[in-house]
1. Gaussian network model of the chain, Cα springs within a sub-10 Å range: biggest mean-square fluctuation belongs to which of Ile65, Ile138, Ile97?
2. What do you get for the angle between helix 21-30 and the principal long axis of the chain? Use alpha-carbon atoms, 0 to 90 degrees, nearest ten.
3. Going toward the positive end of the dipole of the chain, with +1 on Lys and Arg Cβ and -1 on Asp and Glu Cβ, which of Tyr4, Ile65, Ala50 do you reach last?
4. Could you go through the stretch 80-91 in sequence order and give the Karplus-derived ³J(HN,Hα) for each residue, using 6.51 cos²θ - 1.76 cosθ + 1.60 with θ = phi - 60°, rounded to whole Hz, and x for Gly and Pro?
5. Going through the cross-link list Lys148/Lys170; Lys64/Lys159; Lys48/Lys79, which pairs have a Cα-Cα distance over 21 Å in this structure?
6. Dipole magnitude of the stretch 89-178 about its Cα centre, charges +1 at Lys/Arg Cβ and -1 at Asp/Glu Cβ only, in debye to the nearest 20?
7. If one computes P(r) from the Cα atoms of the stretch 11-90, what percent of pairs lie at distances over 22 Å?
8. Report the GluC sites (Glu not before Pro) located in the stretch 35-117 that are in a DSSP loop and have at most 12 other Cβ atoms inside 10 Å of their Cβ, or state none.
Amino acid sequence: MQQYIALLRGINVSGQKKIKMADLVNHCQDVGYEEVSTYIQSGNICFKSASEDALELAVVLQDKIKQVYSFDVPVLVIKSEQLNNIFHELPFENIDIANEGNKVLVSFLNALPKPDEVSHLLSYVKAPEQLVIDQQVIYLHCPNGYGKTKLSNNFIESKLKVIATTRNLKTIAKLISLTV
């Protein structure tokens, strides 16, 4: 069995696309996920599956949510070791997770962005912010806070023309701890 994390985009935000976590666990079990648990209300699901196809697992859950709730929720599924690698490949030095973990964010992209769109996005980075793109992962450090940056998840999506879902470093560390 492979350990996975599903990251749902845009549920339970400002009263939109409401899904109770207990119901989400049941839906995951309905589609064959095993040992399902969730973390906070924003759509973080840890589970196991015999499947090796993360994309297929994402589509199955997206379809289940659409069937039950009649709205679309983008789902990104990654293997737990991939999340661990992303965490340990953090390109910023001397980050104290306890104090800065909510100021360092990782955006997971559903597709590889085009180079010209990446260049355009990078033009919006303003010091002391730092942004590093590694394939389908964006690392963002906002020393002044995520709420004060222009580089929100929606902004990143609009500039790169991909679907993104963003989690802070504290959440990622917790998800890793739940999958070991």
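1. Ile97
2. Here the helix axis deviates by roughly 60 degrees.
3. Going by the charge dipole, the pick is Ile65.
4. 4, 5, 5, 4, 4, 5, 4, 4, 7, 9, 3, x
5. Working: Lys148/Lys170 18 Å; Lys64/Lys159 29 Å; Lys48/Lys79 9 Å.
Where the Cα-Cα span goes over 21 Å, the pairs concerned are Lys64/Lys159.
6. Numbers: 10 positive and 9 negative charges, 69 e Å.
Dipole of the stretch 89-178, to the nearest 20 debye: 320 debye.
7. Working: 733 of 3160 pairs.
Counting every Cα pair in the stretch 11-90, those more than 22 Å apart make up 23 percent.
8. Glu52, Glu89, Glu93
Only the coordinates and a few stated rules stand behind these numbers; no lab work does. Computed from a prediction, not measured in an experiment: that's the story for all the values here. Cβ: placed from backbone, ideal geometry, glycine included. Neighbour counts: every protein chain shown.
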